[in-house]
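Each remark here refers to the structure printed beneath this line.
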Amino acid sequence: MRLVAAEIDLEALSFNLSRTKAFAPQSKIMAVLKANAYGHGLVKIAQHLAEADAFAVARIDEALALRAGGLTKPIVLLEGFFHEADLPILLANNFQTIIHDETQLVALETANLDAPIATWLKVDTGMHRLGIEPSQFESFYRRLKACANAKPNVNLMTHFACADDLANDKTTKQIATFQHIINSQHEALCLANSAGIIGWPSSHGDWVRPGLMLYGVSPMVGQIGSDHGLKAVMRLTTKVIAIRKVAKGEGVGYGSRWQAKETTYLAVIAVGYGDGYPRHAKEGTPVMIAGKRFGIVGSVSMDMITVDIGENTDNVKIGDAVEMWGPNLPVEEIAESAGTIPYELLCNVTPRVSYEYLG
């Protein structure tokens, strides 16, 4: 049995989907499953999101994996297709595609397909990543409406750049830009990602695209999932494999980066950057052992981390479970200590970690 495990709470996942619906009760749910469902397991997570109306992934291989896993819901490719040869695959598998540039539109217009494909026209309202320019909207929209390879209803989408920050008015400007561009077109609209769902109700539209919030993590600056009534889905755990006494002044770990100010005891725990734990987690980053928080000391190595437990040798024993992040230790807090974001921690869990699905 592997020492490091990612426990995935499927009941928490279902609960978070219901919370999403409570935030946007008039909108359909496009559950975002890209990057292996944010590190939680693509097919398994999709199988437990039966109440979602559609799935969204970044790339065609992710969509094909869902179909191979028996999932039949509509699937939207958030980056669209990359080659004209992909179009028959999209059609055969009932994939829907983003159209975000001229190359894609021309490929769709000139393809020889047996039936039309559902499309989402993506407009760049300020993210400046993917999407057509506002000035291109009328032309692209008319061409898609006239395209025999596109279904008559052209869904419309944009993406927010700063929705995680309620003090930033860019989201308000993006919403206004989008509404001005689409004018009176009666098409399905999708603007809101997780941050838009939670922070900007006016952006909800016909569809919303929850990603991070489904996994119980806050998309908002300075907040954690429980602030929005969400439950952590992943609990990353390991075990104590040794307890060492370290004398005052002794260095610990590679480079002896940390030195004991007083004689103390350390718990050695079996996890490291080889499992996806952030190598740059700073001194004092918390872990949870026997219901109590203790701080990391020394360098995070590939397979092990040392934790200062002081005189708690009666409470901390070899074999004890250690929570690295989860319901009792928000992943947002660990990410902040490591100078990164929760998305990266969740997506970086490595293949040597065992996945255990609960509920």
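The values are calculated or read from the model by the stated rules, or taken from the named source; none is laboratory data. Keep in mind the model is a prediction, meaning the values are calculated, not measured. Cβ: placed from backbone, ideal geometry, glycine included. Neighbour counts: every protein chain shown. Please note that ligands, DNA and RNA were not included when accessible areas were found on the heavy atoms of the full protein model with its side chains. Shrake-Rupley method; radii C 1.70, N 1.55, O 1.52, S 1.80 Å.
So here's what we get for this one:
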| quantity | calculated |
| --- | --- |
| Residue count for the range 215-247, restricted to those that are out of contact with any Phe, Trp or Tyr (no Cβ under 7 Å at 6 or more places or on another chain) and not in a strand (DSSP E or B) | 17 |
| Residue satisfying condition, being surrounded by 15 or more Cβ atoms within 10 Å (Cβ to Cβ), touching a residue at least 12 places away in the same chain (Cβ under 8 Å) and either closer than 21 Å to Gly211 by Cα or under 26 Å from the mean Cα position of the chain (by Cα) (or both), within set Thr340, Thr350 | Thr340 |
| Some residue of the range 114-123 being farther than 21 Å from Ile181 by Cβ, over 22 Å from the mean Cα position of the chain (by Cα) and surrounded by 14 or more Cβ atoms within 10 Å (Cβ to Cβ) | yes |
| Residue among Ile181, Ile198, Ile224, Ile243 that is under 30 Å from Ile309 (Cα atoms) and in contact with a Pro (Cβ under 7 Å, 6 or more places away or on another chain) | Ile224 |
| Filter result for the condition that a residue is in contact with a Phe, Trp or Tyr (Cβ under 7 Å, 6 or more places away or on another chain), assigned to a helix (DSSP H, G or I) and buried (at least 22 other Cβ atoms within 10 Å of the Cβ), over Ala46, Ala31 | Ala46 |
| Matching residues in the range 262-285 - criterion: being open to solvent by less than 20 Å² (accessible area, probe 1.4 Å) and either among the charged types (D, E, K, R) or in contact with a Gly (Cβ under 6 Å, 6 or more places away or on another chain) (or both) | Thr264, Asp275 |
| Among the candidates Leu42, Leu64, Leu10, residue that is in contact with a helix residue (DSSP H, G or I) (Cβ under 7 Å, 6 or more places away or on another chain) and of a type outside the set (S, T, N, Q) | Leu42 |
| Of all residues in the range 195-208 being touching a residue at least 40 places away in the same chain (Cβ under 8 Å) and open to solvent by less than 10 Å² (accessible area, probe 1.4 Å), the one that is farthest from the chain's Cα centre (by Cα) | Ser203 |
| When residues of the range 305-321 are limited to those that are of a type in the set (A, V, I, L, M) and in contact (Cβ under 8 Å) with a residue 60 or more places away in the chain, the one most open to solvent (accessible area, probe 1.4 Å) | Ile318 |
| Matching residues, the range 212-256, being over 16 Å from the mean Cα position of the chain (by Cα) and hydrophobic (A, V, I, L, M, F, W, C) | Val240, Ile241, Ala242, Ile243, Val246, Ala247, Val252 |
| Strands (runs of 3 or more DSSP E) completely within the range 284-359 that count 2 or more residues being aliphatic (A, V, I, L, M) | 286-289, 292-297, 305-310, 321-325 |
| Which numbered condition Gln185 misses (of (1) under 22 Å from Ile98 (Cβ atoms); (2) modelled with pLDDT of 95 or more; (3) surrounded by fewer than 17 Cβ atoms within 10 Å (Cβ to Cβ)) | (2) |
| Scope the range 218-251; condition farther than 26 Å from Ala5 by Cβ and among the hydrophobic types (A, V, I, L, M, F, W, C); matching residues | Met220, Val221, Val246, Ala247 |
| Qualifying positions in the range 76-124 - more than 17 Å from Trp207 (Cβ to Cβ), assigned to a loop (DSSP other than H, G, I, E, B) and aliphatic (A, V, I, L, M) | Ala111, Leu113, Ala115 |
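A quick yes/no check of all residues on (1) open to solvent by 10 Å² or more (accessible area, probe 1.4 Å); (2) among the aliphatic types (A, V, I, L, M):
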| position | (1), (2) |
| --- | --- |
| Ala290 | yes, yes |
| Glu323 | no, no |
| Gly326 | no, no |
| Glu333 | yes, no |
